[in-house]
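Below is one structure, written out as structure tokens, with a few remarks after it.
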């Protein structure tokens with residue numbers, strides 16, 4: 001019953017002018033910022049840890065406020081995607097450095113796209129599928145099945161196929177061998193068995209080694225991708241050059257090096273423009289739980 005009401009509310013929102021829909025979500029974000037002391041604290045703990053306490057109070061407040069706003073923006077974009085045409089999305093997204101993918105395809109190799117919860121990740125994933133190539137997008141199962149179905153419908157509208165991360169490696173191998181690309185987030189908490197210790201934002205943390213493992217095993221390319229905006233209306237989808245993966249006699253060392261290079265890429269992305277990252281997430285809770293002792 002609750003989800004049916006949500007769907008009715010979605011229909012009501014889509015009747016409104018886009019500007020009012022956007023203001024509604026930003027109002028929700030502002031309210032969440034003021035009432036959720038817990039999540040404000042989590043952002044502060046993350047920022048103090050990542051930047052060694054070097055950010056001043058105003059910088060931290062600005063980033064915290066935008067973290068709530070950006071989460072609302074992504075929900076807004078998921079809603080839009082469910083009702084948007086590919087042509088409408090194309091008018092809002094500009095692709096930068098698509099040549100990096102074309103070079104890999106010219107060699108007859110498939111791609112493992114790596115990404116993070118950065119800026120409009122919902123538009124970013126959809127745009128890769130719509131304008132570069134359809135991907136198998138790996139995701140973590142959600143607690144609410146109805147909402148998961150709702151969200152995946154938006155994410156898969158333009159050709160992507162969402163695949164839950166449990167036991168996902170073998171299906172990815174089968175599809176990569178067929179030339180079908182995949183997309184993997186590298187900034188989420190993971191089971192210790194699924195990760196390697198890397199330096200991220202100057203701090204040790206476990207990160208998934210799946211992209212490096214797949215690239216080394218199958219000779220596919222790891223290509224980072226991110227999306228950013230200056231006005232929250234028009235977006236630049238940036239494709240980065242391939243991250244190299246060595247293939248020496250030491251497999252574990254090769255995978256470790258390639259996984260660290262991915263962490264280096266993400267560190268630079270966040271350091272250059274920190275406000276866009278998902279600071280509401282307790283990224284370091286498995287490896288540095290002490291920083292969240294007050295939450």
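The values are calculated or read from the model by the stated rules, or taken from the named source; none is laboratory data. A quick note: this is a predicted structure, and the numbers were derived from the prediction, not measured. Positions of Cβ are generated from backbone atoms using ideal geometry, with glycine treated the same way; all protein chains shown enter the neighbour counts.
Couple of notes before you dig in:
- The numbered conditions (1) out of contact with any helix residue (DSSP H, G or I) (no Cβ under 7 Å at 6 or more places or on another chain); (2) assigned to a helix (DSSP H, G or I) are all true for residue 53 except (2).
- Residues satisfying the stated conditions in the range 269-295, i.e. assigned to a helix (DSSP H, G or I) and either loosely packed, with under 13 Cβ neighbours inside 10 Å or over 18 Å from the mean Cα position of the chain (by Cα) (or both): 272, 289, 290, 291, 292
- Members of the range 79-92 found to be surrounded by fewer than 20 Cβ atoms within 10 Å (Cβ to Cβ) and part of a helix (DSSP H, G or I), listed by number: 79, 86, 87, 88, 90, 91, 92
- Scanning the range 109-135 for residues that are free of Cβ contacts under 8 Å to residues at least 60 places away in the same chain and either within 16 Å of residue 175 (Cα to Cα) or within 11 Å of the chain's Cα centre (by Cα) (or both) yields 122, 125, 129, 133, 134, 135.
Here is a yes/no grid of residues against (1) more than 23 Å from residue 284 (Cα to Cα); (2) buried (at least 19 other Cβ atoms within 10 Å of the Cβ):
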position	(1), (2)
173	yes, no
177	yes, no
186	no, yes
194	no, no
203	no, no
211	no, yes
214	yes, yes
219	yes, no
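- Scanning the range 140-183 for residues that are closer than 30 Å to residue 106 by Cβ, part of a loop (DSSP other than H, G, I, E, B) and in contact with a strand residue (DSSP E or B) (Cβ under 7 Å, 6 or more places away or on another chain) yields 156, 160, 168, 180.
- Unique residue being touching a residue at least 40 places away in the same chain (Cβ under 8 Å) and within 17 Å of the chain's Cα centre (by Cα) when the list is 50, 67: 67
- Among (1) closer than 30 Å to residue 200 by Cβ; (2) assigned to a helix (DSSP H, G or I) - the single one residue 95 does not satisfy: (2)
- Yes/no for residue 7 being part of a helix (DSSP H, G or I) and under 24 Å from residue 153 (Cα atoms): yes
- Beta carbons closer than 7 Å, at least 6 apart along the sequence or on distinct chains, pair a first residue in the range 230-254 that is farther than 30 Å from residue 66 by Cβ with a second that is modelled with pLDDT of 95 or more and in a strand (DSSP E or B) for 242/221; 242/222; 242/223; 245/222.
- Of the candidates 250, 234, the single residue that is touching a helix residue (DSSP H, G or I) at 6+ places or on another chain (Cβ under 6 Å) and loosely packed, with under 14 Cβ neighbours inside 10 Å is 234.
- Screening residue 122 against (1) touching a helix residue (DSSP H, G or I) at 6+ places or on another chain (Cβ under 6 Å); (2) modelled with pLDDT of 95 or more; (3) surrounded by fewer than 17 Cβ atoms within 10 Å (Cβ to Cβ); (4) in a helix (DSSP H, G or I) leaves a single unmet condition, (3).
- Odd one out for residue 90, checked against (1) free of Cβ contacts under 8 Å to residues at least 60 places away in the same chain; (2) over 30 Å from residue 159 (Cα atoms); (3) in contact with a helix residue (DSSP H, G or I) (Cβ under 7 Å, 6 or more places away or on another chain): (2)
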